[in-house]
Amino acid sequence: MYYYRYGNAEVNCCYKYIMFTYNIIFWLAGVLLIAASFWAWSEKGVFQDLSLVTQRRGFDPVWLVLLVGGVTFTLGFAGCVGALRENICLLKFFSSLIAFILLVELGVAVLAVLFQSQMREWLSEFFLTNIKAYEEDDDLRNLIDTLQQMRYCCGAKGPKDWDQNPYYGCDKPSLKCGVPFSCCIVDPAESVVNTQCGYGVRKLEWEEVIYTKGCIEALEDWLPGNLYTVAGVFLIISLLQMVGIYLAKALISDIEKVTLTH
């Protein structure tokens, strides 16, 4: 039997504590996101009636926050404990999970480029589904309003998409032939938002009153001018992930060397 020994083999403290610091930030961010998710659900009364989670027809943004928080918490925990305890299993789990996430991100980016028309249709259908559930969830409503206000758009393909909503359709008795206030063209002279500005507006000449461009088209118009920004953000995230993988691999290598000397 052969024994391999390395002179002065020891775990690099620099790598170890950089790895710990790198992950404590993610761990704390994960805790905050999970706490924010539970707080949002408690405000909606989900914990009093768990069936509310499955009854919602639209997308609940809390699920996305909870997913990101859960993954971030798991990565941060594995990285922190793995580095401090010099635990090879946790470090391998950490590096493998980050590598998997990185591959998923690259795969989604490639598919989005190769199948642009299918992606556009999927986004349109997704938006329409959430238009139907606009009044059912405060977080979803705020998300749609923010998108429409930021991109100066209304609906997925246009204002008529709001016929899909039971409160805004032209054949509905409530806000008949209306749109949410976030579709209204804002008068710079007005300091207070008129939340009733969209009431019945589609029964009139509405082209100069509300945004006529759909949000899918607005996003398509926005992307080319901000392509470098999007690419830069994606590159920074990818580099951070690769740094995490490198630190984990370096620590694993040092730990294995120390183990072989004993």
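The values are calculated or read from the model by the stated rules, or taken from the named source; none is laboratory data. Everything quoted here is computed from the prediction, not taken from an experiment. Please note: Cβ atoms are built from the backbone with ideal geometry, for glycine as well, and neighbour counts cover all protein chains shown. Surface accessibility is based on the protein's heavy atoms, side chains included, excluding ligands, DNA and RNA. Shrake-Rupley method; radii C 1.70, N 1.55, O 1.52, S 1.80 Å.
Numbers at a glance
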item	result
Cα extents of region 143-262 along the three principal axes, largest first (Å)	82, 30, 28
The chain - Cys residues lacking any other Cys C-beta under 4.7 Å	CYS13, CYS14, CYS80, CYS89
For LYS92, solvent-accessible area (1.4 Å; no DNA, RNA or ligand), Å²	100 Å²
Cβ crowding within 10 Å averaged over residues, with 214-220, 102-108 ranked highest first	214-220, 102-108
Cα-based reach from LYS213 at 15 Å (exclusive), listing aspartates and glutamates while leaving out same-chain residues under 8 positions away	ASP145, ASP161, ASP221
Vicinal HN-Hα couplings computed from phi for region 199-213 (Karplus, 6.51 cos²θ - 1.76 cosθ + 1.60; Hz; Gly/Pro x)	5, x, 5, 7, 7, 10, 7, 9, 4, 9, 10, 10, 5, 9, 7
Label-point separation in nm, ASP145 to GLU220, each point 7 Å along Cα→Cβ	2.9 nm
Leading residue at positive end of dipole, the chain (Cβ point charges), from ALA99, ALA156, LEU84	LEU84
0 to 90° range, to nearest 10: angle between helix 138-151 axis and the chain longest Cα axis	80 degrees
Under 20 Å from the Cα of LYS257 - lysines, other chains or at least 8 residues apart	LYS16, LYS92, LYS249
Protein-only accessible surface order, largest first, of TYR22, TYR17, TYR134 at 1.4 Å	TYR17, TYR22, TYR134
Theoretical FRET efficiency, 1/(1+(r/R0)^6), r = Cβ-Cβ of LEU204 and TYR17, R0 45 Å, to 0.05	0.10
Rounded FRET efficiency, nearest 0.05, which uses the C-beta distance separating ASP163 from LEU67 and R0 of 45 Å	0.90
Net lengthening on full extension, SER42/VAL110 (0.36 nm per residue, minus Cα-Cα)	20.7 nm
Greater than 32 Å apart at Cα, pairs in LYS44/LYS203; LYS132/LYS203; LYS44/LYS160; LYS44/LYS176	LYS44/LYS203
Estimated [θ] at 222 nm from DSSP helical runs (n ≥ 4, -39500 (n - 2.57)) normalised by residues in the chain, nearest 500	-21500 deg cm²/dmol
Binned Cα-Cα distance frequencies in region 80-152 - 5 Å width, integer %	3, 13, 11, 12, 12, 13, 11, 10, 10, 5, 0
Convex hull projection area averaged over all views, the chain, Cα basis, nm²	20.4 nm²
Gain upon complete extension [LEU32, LEU123; 0.36 nm per residue less C-alpha separation]	29.9 nm
